[in-house]
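The values are calculated or read from the model by the stated rules, or taken from the named source; none is laboratory data. Given the structure is predicted, the values throughout are model-derived calculations rather than measurements. FYI the Cβ positions are ideal-geometry reconstructions off the backbone, even for glycines, and counts take in every protein chain you see. In case anyone asks, the SASA skips ligands and DNA or RNA and just uses the protein heavy atoms, side chains included. Shrake-Rupley method; radii C 1.70, N 1.55, O 1.52, S 1.80 Å.
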Amino acid sequence: MPSIKKIKGFADLFPEDAAVFTRMENTAREIFSRYGFGELRTPILEKTELFIKSIGEDTDVVGKEMFTFPDRKGRSMTMRPEATAGVVRAFVESGRYQPGKVLKYFTTGPMFRYERPQKGRQRQFHQLNAEIFGAPEPQADAELILMLKSFLNELGLTKLTFELNSLGCHDCRPAYRQALIDFYQSKGRDGFCEDCQRRMDTNPLRVLDCKSASCKELVQGAPEITDHLCGECSDHFAQVKDILGTAGVEYVLNPRLVRGLDYYIRTAFEVTSNDIGSQTAVAGGGRYDGLPKSLGGPDCASTGFACGMERLAMLLGAKDADAPDFYIAVIDDRAANDAMLFAQKLREKGQRGEVSYAGGSMKSRMRAANKTGASKCFILGEAEFAEGTVTVKDMAGDDEQYTVSREEYLKKV
Ligand code: HAM
């Protein structure tokens, strides 16, 4: 019978890979807590309308990529494609917001997007996500970027590019939008790809970051948002840049950086790498002040980012498992139970190691002990079983060995 295989675009993480994810999570917990972030865990499944209202109906994520299905009562449910919408929903629903109060949450876990799987792009992937509510100031955007940089540096990732842009606000963006439409029309609509012909009406900014060669060519010389910012947006952006510059963060201004989700205003940023193939963004984020209000909550400033953990893991590489302290080689079957009890006592004393469940030849057991990389091997054969002893072999040193009462040995651990 053919075996059941995992779903396309979904992955199993065995210990060496899972260890890298754990390291990222632990590092994030440590670094994010220095900045006052507390963990928020939200559900993986949410009502579909949450994502339509927040991410935007005309985005690729909502239009093409969501895992959406009816539940048993026919209500439309969606596996979260990102964390921000659920975090905002939870924040609004909890009623925790008070004017003047700043709240900071981080969240981590699996996200789901029905994209074409390739290197660095999965249908189930993991994000580390951080959000600040109640801080309209540019300092909050800068703080997030500084925190992201500290986190990446702590992981040893220093060869990354920080790309920065401002997307303007609801006051200045409409005029820019119109300037873009006029520009596209001057180039002739038909030259653009089918998706972009549609985007021109629904989301003209997205045409700017289309990957198709013909669109890339046509948008050369398009008006830049930074030339159309209102005074307040321009000032806000200048302050973000000023703090980052003073703090020594090297960034690249990218006026084509528009982000794929509709909720952003003002600051938008991405962190990219050239070492992971065609999917270059390892993190992305920005300001989304209007979102809590549009989900029925307070008119509250919001800003945040998310890192793609699979993409960071590609840069970090798999981690070798840490060598254990011991391996117990059972040579005589009758000693198997004693060996298990001896292992249990060692583990209760904080030692890490394994035990061969049954007896076997000295040669095969030694081979197994070597393979685990354990620093000590305990041998339990016929004599050790009869006398309540254990033969201790030092694997790291010069293979010295001695026999000792098990009870005595445990007293000294
Ligand atoms: P995003 O840019 O859509 O932003 O995703 C953030 C990161 O998730 C990307 O930079 C990428 O590393 C990773 N990612 C996205 N899709 C995939 C995929 N299919 N496979 C592997 N990795 C992927 C957001 O999701 C926003 N919610 C970020 C944010 C938080 N903005 C404000 N707060």
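The aspartates and glutamates within cross-link reach of Lys159, meaning a Cα-to-Cα straight distance under 12 Å and a gap of 8 or more places when in the same chain, are Glu250, Asp275. The separation of region 118-193 from region 349-413, counted between C-alpha centres, amounts to 56 Å.
Here's how it looks for Gln127: its modeled amide H is under 5 Å from those of Gly109, Met111, Met309, which are all 5 or more places away or on a different chain. A cut-off of 5 Å between modelled amide H atoms, ignoring neighbours fewer than 5 places along the same chain, links Phe67 with Met79, Tyr114. Under 5 Å between amide hydrogens, built in the peptide plane, is the criterion, and for Tyr264 it picks out nothing among residues at least 5 positions away or on other chains. For the peptides 271-281, 180-190, 355-365, residues were scored by their other Cβ atoms within 10 Å and the scores averaged per peptide; the highest-first order is 271-281, 355-365, 180-190. Taking the 0 to 90 degree range and rounding to the nearest ten, how far is the long axis of helix 173-187 tilted relative to the main principal axis of the chain, both from C-alpha atoms? The helix 173-187 is inclined about 80 degrees to the chain. The DSSP beta bridges internal to region 291-413 are antiparallel in roughly 55% of cases. Listed values for region 43-50 are Karplus-derived 3J(HN,Hα) couplings in whole Hz (6.51 cos²θ - 1.76 cosθ + 1.60, θ = phi - 60°), namely x, 7, 9, 9, 5, 4, 4, 4, and x replaces Gly and Pro.
For the chain, the solvent-accessible area of protein heavy atoms averages 50 Å² per residue (probe radius 1.4 Å; ligands and nucleic acids excluded). If the chain linking Asp235 and Ile44 were pulled fully straight, counting 0.36 nm for each residue of separation and taking away their Cα-Cα distance, it would gain 65.0 nm. When the chain is treated as a GNM with alpha-carbon contacts under 10 Å, the residue of Phe125, Phe32, Phe69 showing the greatest mean-square fluctuation is Phe69.
Converting phi to 3J(HN,Hα) with the Karplus coefficients 6.51, -1.76 and 1.60 and the offset θ = phi - 60°, region 88-105 yields 5, 4, 5, 4, 5, 5, 6, x, 6, 6, 10, x, x, 9, 10, 10, 10, 10 Hz in sequence order, with x at every glycine or proline.
Which entries in Lys47/Lys149; Lys47/Lys319; Lys47/Lys104; Lys8/Lys371; Lys8/Lys64 show an alpha-carbon gap greater than 27 Å? Exceeds cut-off: Lys47/Lys149; Lys47/Lys319; Lys8/Lys371. For the chain, the longest principal axis of the alpha carbon atoms and the long axis of helix 231-246 meet at an angle near 30°.
The Cα atoms of region 326-412 give a gyration tensor whose axes a ≥ b ≥ c have a/c under 1.5, which makes the shape rounded. Residue by residue, region 261-272 carries 3J(HN,Hα) couplings of 10, 6, 7, 6, 9, 6, 4, 9, 8, 9, 10, 10 Hz when phi is fed to the Karplus relation 6.51 cos²θ - 1.76 cosθ + 1.60 (θ = phi - 60°); x denotes Gly or Pro.
Entry note, the chain: the mean residue ellipticity at 222 nm calculated from DSSP H runs of n ≥ 4, each adding -39500 (n - 2.57), is -11000 deg cm²/dmol after division by the residues and rounding to the nearest 500. Between helix 336-348 and the chain there is an angle of about 50 degrees, using the helix long axis and the longest principal axis of the Cα atoms.
For the chain, with all protein chains present and a 1.4 Å probe, just round the carbon and sulfur fraction of the accessible area to a whole percent. The value for the chain is 48 percent carbon and sulfur by accessible area.
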